[in-house]
Amino acid sequence: MVLGCADCCSHTGYDAIGNTGPRFGVRHLQCILVFFGLAVAYALRVNLSVAIVAMTDSNHTNPAFPEFPWDESIKSYLLSSFFWGYVVTQVPGGYLSAIIGAKYMLFFGVLICSCLALLTPFCAITGGWKLVVVLRAIQGLCQGVIFPSTHTFLSKWAPAEERARLVGYCYSGSQFGTVIMLSVSGYIASSSLGWPSIFYISGCAGIMWSMIWIYLCASTPAQHSSITPNERRYIETSGQLRRPSDAGREEFVAHQNLRTPWLRIFTSLPFLSLLLAHCANNWGFWTLLTQIPTFMKNVLGMDIKHNGPLSALPYFAMILLTCFFIWLSDILQRNGSLMSLSFSRKLFNSIGLWLPMLALLGLGFITQGSANAKLAIGLLTLAVATNSASYLGFHVNHIDLSPNFAGTLMGITNCAANVMSILAPLIVGLIVRDETNPTQWRIVFYFTAFVYFIGNLVFIVFGRFTVQPWNTPSTHRQTRSVSISGSDEAARAPLIDT
């Protein structure tokens, strides 16, 4: 029998043992670097979205720089071309990050994308919009590896007890980068630096981050030169005696000898429910961000696309609520009688998908008027901000299901989810023939709310939060035990022996 089991286990699903690691350690430094890496990546992603206004209308910016006669059709090609490449490298990015290390995948992904950003003004002036489309597609190829590699990275560095917290903080960097870019780009374009500096500044920031990252980061705790033995032991053993869902950490798996169990993954009901939740989330999230501004302009008479700070408001609120949800999760986790791990994941995922669903239903009843326009902005901000709770829901579930293949799982779900991001505006275009007709917009809102509802409902019913059997396939498996000193074995013996 396991001695002291009844006293150690709590309703949270975690086992309390003496070693909790340093309050601030190398793992936190790694996560800070990931936060700023994702901030830079999203700044590089959205820089064209905000710069294109100045590039096509010099009347509202510095007229000393070139202006391009690009119509709405060309703009749509320019803005969507990034995602043409982005969806292609999702799965390969997750797979390669497990083989060669997430450190190098993130480094090259951000570095190459940053260098290309520096070339954007030159390409626009010399090659026109077609060359910019090619450049943006290549940038998408580079950034397609970032989210899967980040999940691979966090599966190695985030202890079980801190997993949701660290994942939430890291991924909030994407909103931080978006807020900064949306808020300052208008002022930069109007200054003496002009619109090219939007690309130069974001590109230089990405190169600077890449240099810091390659120097201070390591793909795993074992490869980091300055981590203490105590913190390394805390991270690497966090799944063995702390939580059943992390039993996959008990052995170090040589990934180059571990084949990805594709068939078992795609026939796994918990994974399929995770896939549906991710797709539903992206469908709703990008419908909100890309279509609500059009609805507000044509139905409510308020243009927020050309108002940088107002456009950044939902993302800023999302950062704040991410911190709040992480704090709330920690409070509830400390009192194990309040919330189990399974309940925690489902609760925060429901907040992240069903509160935006309610906001969409509310938007369907809004009609023209200044007061209603303010209400619409409030509902949009609420919907986007509360979606941050999903960071503590389905977003971390990839690591729950399979620490060994977390990056690959994220690559699969993020690829499918971004296809939804492309399809959603097209479906809206088929439904909304008259952009001033609130009845047609109401159909869009109700359908998107239905997608949100089904995605979370399936996740609640079929989602699981324990390591799946295919995490360590029985075939083609060559492992070696993590080296543990004799004193550590003696310390663990009372916990695992009779």
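The values are calculated or read from the model by the stated rules, or taken from the named source; none is laboratory data. In this text the structure is predicted, and so the values were computed from the model without any measurement. All Cβ positions, glycine included, derive from the backbone under ideal geometry; neighbour counts span all protein chains shown. Keep in mind that these areas ignore ligands, DNA and RNA; they rest on the heavy atoms of the full protein, side chains included. Shrake-Rupley method; radii C 1.70, N 1.55, O 1.52, S 1.80 Å.
Tabulated values for the structure
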| quantity | calculated |
| --- | --- |
| Candidates 110, 88, 167, filtered to the one that is under 19 Å from the mean Cα position of the chain (by Cα) and part of a loop (DSSP other than H, G, I, E, B) | 88 |
| Among (1) out of contact with any Phe, Trp or Tyr (no Cβ under 6 Å at 6 or more places or on another chain); (2) on the phi < 0 side of the Ramachandran plot - the single one residue 128 does not satisfy | (2) |
| Condition met for residue 277 (more than 23 Å from residue 411 (Cβ to Cβ) and modelled with pLDDT of 75 or more) | no |
| Number of the condition not met by residue 154 [criteria: (1) in contact with a Leu (Cβ under 7 Å, 6 or more places away or on another chain); (2) more than 30 Å from residue 332 (Cβ to Cβ)] | (2) |
| Selected residue (criterion: farthest from residue 466 (Cα to Cα)) from residues of region 182-195 that are part of a helix (DSSP H, G or I) and open to solvent by 20 Å² or more (accessible area, probe 1.4 Å) | 190 |
| Hey, residue 405 surrounded by 24 or more Cβ atoms within 10 Å (Cβ to Cβ) and either under 16 Å from residue 166 (Cα atoms) or free of Cβ contacts under 8 Å to residues at least 24 places away in the same chain (or both) or not | no |
| Given (1) surrounded by fewer than 20 Cβ atoms within 10 Å (Cβ to Cβ); (2) farther than 30 Å from residue 187 by Cβ; (3) at pLDDT 70 or above, number of the condition residue 68 does not satisfy | (2) |
| Close pairs from region 94-109: first more than 24 Å from residue 82 (Cβ to Cβ), partner aliphatic (A, V, I, L, M) and crowded, with 24+ Cβ neighbours inside 10 Å, Cβ under 9 Å, at least 6 apart | 98/406 |
| Single match in 105, 55 (criterion: closer than 17 Å to residue 133 by Cα and either crowded, with 23+ Cβ neighbours inside 10 Å or not β-branched (Val, Ile, Thr) (or both)) | 55 |
| Residue count, region 283-294 (criterion: surrounded by fewer than 23 Cβ atoms within 10 Å (Cβ to Cβ) and either modelled with pLDDT of 90 or more or more than 16 Å from the chain's Cα centre (by Cα) (or both)) | 5 |
| Selection status of residue 39, buried (at least 24 other Cβ atoms within 10 Å of the Cβ) and at pLDDT 80 or above | no |
| Selected residue (criterion: surrounded by the fewest Cβ atoms within 10 Å (Cβ to Cβ)) from residues of region 341-370 that are farther than 11 Å from residue 452 by Cα and of a type in the set (Phe, Trp, Tyr) | 365 |
| Residues located in region 408-449, provided they are open to solvent by 50 Å² or more (accessible area, probe 1.4 Å) and hydroxyl-bearing (Ser, Thr, Tyr) | 436, 439, 446 |
| Hits in region 325-339 - residues which are surrounded by fewer than 13 Cβ atoms within 10 Å (Cβ to Cβ) and modelled with pLDDT of 85 or more | 327 |
